[in-house]
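Asker: Structure provided below as C-alpha cells; questions to follow.
Please treat every number below as a calculation from the coordinates, not as lab data. Predicted model, so just to flag it, every value in this text is computed and none were measured. As a convention, Cβ positions derive from the backbone with ideal geometry for all residues, glycine included, and neighbour counts pool all protein chains shown.
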Amino acid sequence: MLEGENLVEIGRVMHFYTRIGVAVIELTGSISVGDKIVIRGANTDFGQIVESMQIEHENVERAEAGQSIGLRVRDRTREGDVVYKVS
C-alpha cells in the first residue's frame, strides 16, 4: 500500500473455491474491471487488480452493491474476509 491511498469497503467474501481460486463476494459497493482491490481478514492480506469477474457465469465489466460476483483471486481467501477498493 502506498501512502495516501484510501481503502473503501465494498464487500465481503462469502465463499472461496480452492481448486479454481475464485472468491464469491457479496458487494456493498461498486466494482469494475481494472480496479485495484485489497482483501483483508484474520489470515488474509493481499492486493490485486480486478482482471475479470462474473455474475451467474457471465463476464461483466462492472457490478453494483447488492450483487454477488465471482472473482479470480491470486491468493487464498476465507469467508468473512473484507474486500476494499483502493481509491
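Asker: Please count how many residues of segment 60-71 are in a strand (DSSP E or B) and free of Cβ contacts under 8 Å to residues at least 40 places away in the same chain.
Answerer: Total meeting the criteria: 3.
Asker: What residue, among those in segment 2-34 that are surrounded by 14 or more Cβ atoms within 10 Å (Cβ to Cβ) and polar (S, T, N, Q), is nearest to THR77 (Cα to Cα)?
Answerer: THR28
Asker: Hey, can you tell me all the residues within segment 35-59 that are crowded, with 17+ Cβ neighbours inside 10 Å, in a strand (DSSP E or B) and β-branched (Val, Ile, Thr)? So that I can check it myself, show each step before the final result.
Answerer: Of segment 35-59, the ones crowded, with 17+ Cβ neighbours inside 10 Å are 37-39, 44, 50, 53.
Imposing the further condition that a residue be in a strand (DSSP E or B) reduces the set to 37-39, 53.
Matches in segment 35-59: ILE37, VAL38, ILE39.
Asker: Next question. Looking at this structure, is GLY80 loosely packed, with under 12 Cβ neighbours inside 10 Å and closer than 13 Å to ILE25 by Cβ?
Answerer: yes
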